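Heads up: the structure comes next, in structure tokens.
The values are calculated or read from the model by the stated rules, or taken from the named source; none is laboratory data. The structure displayed is predicted, hence computed values, not measured ones. Note that we place each Cβ from the backbone using ideal geometry, even for glycine, and neighbour counts take in every protein chain shown.
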Amino acid sequence: MTILNNTTWVVGTPRTGSMLTYNLVKEIFNSEGYCALPKKMVKSDKEKIDMYKKTSLRDLDEKNKYVLKVHSILRSNLPKSKFIVNIRNPFDICASFFEFMKCECDSAIKVAKAHWYVIEHHKTFDDSAIFFIRYEKLELEPIKVITELSKFLGVELNLRCAKKISKKFDKRAVKKIIIETENKLKAKMENQKKILPDELVKISDNNYRALDLTTGFQTRHISNRKSGEWKKVFVDTEIPKVIVALNDVAVKLGYEREVY
């Protein structure tokens, strides 16, 4: 009996566009009549891994397709699984993580520096089970990426459908989702209505992000910067430190060295 691959893992380093990839994969499945699960975003990696063990592994319904986005490092031999990994310039990862998490520069550097090790780990996976996406290609050629993704998933889309999915999750559309989510949360706060834990990601009392449960997009998920504009985020004294820490990683990942 052929074992059904019913679970797609979107894995890897934070701030590489994995949330967008996650939504594209779900939309590809839904557009072809499958049921992409879970319907609502599950927050923690542990909950998602538990869902895989307790639910998707046992699910024999060919229409159900589980899409799980995690930052945990997974084994290559997980049954019924395929894996998708985004690759991004470590300088842009560093800037994005620094901005999104409102953390110290050193913490952002640490995340970006580890990106090469994450990619090297996944390069050991069987070619038929792994799909790599360059962040820049996702930005510049989304329709082509969506088409290639659908082939990898065994769900080949026509051009019209690929264009429709691309438009649904372009930068403008995602920003609209985030703004609407923030406005709903703000209205609840102003009217002193009960806020469910799943409606926000709380870092501290003064640092929280509104969370859209359907897509997983959050406050600050989309910036106004373009790829390569990472220096805008840091003060002048931080830029040389970032360059020294990440230049070798950038070269290993196929990007150019930065100068200062």
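Looking only at the stretch 205-222, decide whether some residue is among the charged types (D, E, K, R) and touching a residue at least 24 places away in the same chain (Cβ under 8 Å). First the steps, then the outcome.
Let us first name the residues in the stretch 205-222 that are among the charged types (D, E, K, R), namely 205, 209, 212, 220.
Checking which are touching a residue at least 24 places away in the same chain (Cβ under 8 Å) leaves us with 212, 220.
Yes, the stretch 205-222 has at least one match.
Would you mind finding the one in Lys40, Lys26, Lys54, Lys46 that is in a loop (DSSP other than H, G, I, E, B) and of a type in the set (Lys, Arg)? Steps first, please.
Numbers: Lys26 fails: in a loop (DSSP other than H, G, I, E, B); Lys54 fails: in a loop (DSSP other than H, G, I, E, B); Lys46 fails: in a loop (DSSP other than H, G, I, E, B).
Matching residue, one of Lys40, Lys26, Lys54, Lys46: Lys40.
Checked across the stretch 74-86, the condition of being among the aromatic types (Phe, Trp, Tyr), more than 28 Å from Thr181 (Cα to Cα) and under 17 Å from the mean Cα position of the chain (by Cα) holds for at least one residue. If you filter the stretch 232-260 down to residues that are in contact with a helix residue (DSSP H, G or I) (Cβ under 6 Å, 6 or more places away or on another chain) and surrounded by fewer than 17 Cβ atoms within 10 Å (Cβ to Cβ), you find that the one that is modelled with the lowest pLDDT is Tyr260.
Determine, yes or no, whether Ile84 is crowded, with 21+ Cβ neighbours inside 10 Å, in a helix (DSSP H, G or I) and out of contact with any Cys (no Cβ under 6 Å at 6 or more places or on another chain).
Details: crowded, with 21+ Cβ neighbours inside 10 Å: yes; in a helix (DSSP H, G or I): no; out of contact with any Cys (no Cβ under 6 Å at 6 or more places or on another chain): yes.
When the stated conditions are applied, Ile84 does not pass them.
Please indicate, with yes or no, whether at least one residue in the stretch 154-171 is assigned to a helix (DSSP H, G or I) and under 26 Å from Ser72 (Cβ atoms). No, that holds for no residue. Are there any pairs, at least 6 apart or on different chains, whose C-beta atoms fall under 7 Å, with the first in the stretch 20-31 and farther than 16 Å from Phe83 by Cβ and the second polar (S, T, N, Q) and not in a helix (DSSP H, G or I), and if so, which? Filtered contacts from the stretch 20-31: Asn23/Thr215. Scan the stretch 146-183 for residues that are surrounded by 11 or more Cβ atoms within 10 Å (Cβ to Cβ) and in contact with a helix residue (DSSP H, G or I) (Cβ under 8 Å, 6 or more places away or on another chain) and the total you get is 20. The C-beta contact set for the stretch 157-173 (first residue over 14 Å from Asn23 (Cα atoms), second residue in a helix (DSSP H, G or I) and among the aliphatic types (A, V, I, L, M), distance under 8 angstrom, 6+ apart or interchain) comprises Leu157/Ile28; Leu157/Ile146; Leu157/Ile165; Leu159/Ile143; Lys163/Ile143. Scanning the stretch 185-204 for residues that are in contact (Cβ under 8 Å) with a residue 24 or more places away in the chain, part of a helix (DSSP H, G or I) and surrounded by 13 or more Cβ atoms within 10 Å (Cβ to Cβ) yields a single hit, Leu185.
Against the test of being modelled with pLDDT under 95 and either more than 28 Å from Asp198 (Cα to Cα) or more than 18 Å from the chain's Cα centre (by Cα) (or both), the options Lys102, Lys43 yield a single qualifying residue, Lys102.
Among the residues making up the stretch 209-260, those that are assigned to a loop (DSSP other than H, G, I, E, B) and among the small types (Gly, Ala, Ser) are Gly216, Ser223, Ser227, Gly228, Gly254.
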